[in-house]
Amino acid sequence: MALGVVSFFTDLSSEMIYPLLPAFLVTVLGAGAVALGTIEGIAESTAAVLKVFSGRWADRMSRRKPLVVGGYGLSGFMRPLIGLVVSWPSVVFLRFADRIGKGLRSSPRDALIADVTPPERLGAAYGLHRAMDHGGAVAGPLVAAGLLLIPGIGLREVFLLAGIPAILVMLVLFFAVNEPADRPVASGPPPSIIDGWQATEPPFRRLLLAVIVFTLGNSTDAFLLLRLTDVGFAPAWVALLWSLHHVVKLLANLFGGQLSDRVSRRALIGTGWLLYAAIYLGFGLTTNTAGLVALFLIYGIYFGLTEPVERAWVAALAPAESRGGAFGFFHGSVGLTALPASLLFGALYTTLGPAAAFGTGAALAVAATVLLIRVPAPSLPSTVS
């Protein structure tokens, strides 16, 4: 629960800045689309690589909490400083530092959740954590919008005020987050990436292969927002739908996480991926505004069927002393695959049109579901996983 509160305030702080960052770069700093792409590409790639290494380090530390605290602290300190910059290259540095923090904390945090959770409650624990994360994503833009309505408060002031929830994050981490004293600790120096990968069990590698294939068709959600804009939705309606989408994700994560402790995780993820394929086909083939609104909101259900379930399955497949490394491979693979996925989607969208781009994403989701069938589904205590 405490780590869920941490994620809520972290996303609240982050989402006070992230939706406003493009406008800040263009209107205040005079940057353009190339600068925005450079900033986000560097930031997300950095986070993806570090997630691999931080998980491996956490397995060999007697306590995972220092990496978690350090990661959240670095991001929380650097992120609001965007309000002080005078040129866009400075934003590159701050976003780079912010994502270093994310890379340091993500894998140890997810391993820590598994350390303190009974095996039969893993799905519910990850569902609650992801739901609170999405709750922060709902609240952040609303808080930012409310602040911008106050005379004398502009974009810079909003960015600086995002430091307040970051301070709350550190207080919760220091005083409310604990970890077990008797956790198994891996001995010796971390093996090489290749040796660490070869040491994982075949079911985990098969699961990760299916996730990678799916992620190749899972481009940034910005393309869904672009599709809504292309068919005539005003920016205010797009923002409202984005907020409602996160509300659906919040509720779906709570439900999906709990459900995954009672029914087949393989079936839930497969259902989520097939739902994703159907939604992407719909986005590519229809221009009906009511239909697109319905599809976009239903899209939030896909996250509830996959986000907490994938994490619970990774935790169940990895021994306690190597959970950090397993989450490192999981997060790193998803993060690094997301970049070519978005580049592929963007190229198809531009050259062949929305139907080809969304159709390719749907086809890759179906292919990943077929691969998922090959992943064994061992039973967990008091559950079928």
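Take the Cβ-Cβ distance between ASP230 and ARG374 as r, set R0 to 45 Å, and report the resulting FRET efficiency rounded to the nearest 0.05. Could the numbers behind the result be given before it?
On the way: r = 38 Å, r/R0 = 0.84.
The pair ASP230/ARG374 has a calculated efficiency of 0.75.
Just want the ordering: GLU179, GLU15, from fewest to most Cβ atoms lying within 10 Å of their own Cβ.
Going from least to most buried by this count: GLU179, GLU15.
Calculated FRET efficiency, LEU244 and ALA181, Cβ-Cβ r, R0 35 Å, to nearest 0.05?
Working from the Cβ atoms, E equals 0.20.
Just grab the label-to-label distance for MET1 and THR220, each label 7 Å out from Cα along the Cβ direction, in nm (one decimal).
Taking the simple label geometry, MET1 and THR220 are separated by 3.7 nm.
Please give the length that would be gained between TRP197 and LEU142 if that part of the chain were fully extended, namely 0.36 nm times their separation in residues minus their C-alpha to C-alpha distance (nm, one decimal).
15.6 nm
Mind pulling the per residue volume of the convex hull built on the Cα atoms of the range 108-252? Å³ is fine.
Numbers: hull volume 28.9 nm³, N = 145.
It is 199 Å³ per residue.
Return the FRET efficiency for the residue pair LEU84, MET170: r is the Cβ-Cβ distance, R0 is 22 Å, and the value is rounded to the nearest 0.05.
Efficiency computed from Cβ-Cβ geometry: 0.65.
Pick the calculated Kirkwood radius over Cα pairs in Å for this structure from (1) 24.2; (2) 21.8; (3) 21.3?
(3)
The range 232-350: D in µm²/s via Stokes-Einstein (Kirkwood Rh, Cα pairs, 10 °C, 1.306 mPa s)?
After rounding, the answer is 99 µm²/s.
I need the phi-derived Karplus couplings for the range 115-130: 6.51 cos²θ - 1.76 cosθ + 1.60, θ = phi - 60°, integer Hz, Gly and Pro marked x.
4, 9, 10, x, x, 6, 10, 4, x, 5, 5, 5, x, 5, 4, 5
Laboratory data are not the source of any read-out in this text; all were calculated from the coordinates shown. In this text the structure is predicted, and so the values were computed from the model without any measurement. Heads up, the Cβs are rebuilt from the backbone with ideal geometry, glycines too, and the neighbour counts pull from every protein chain shown.
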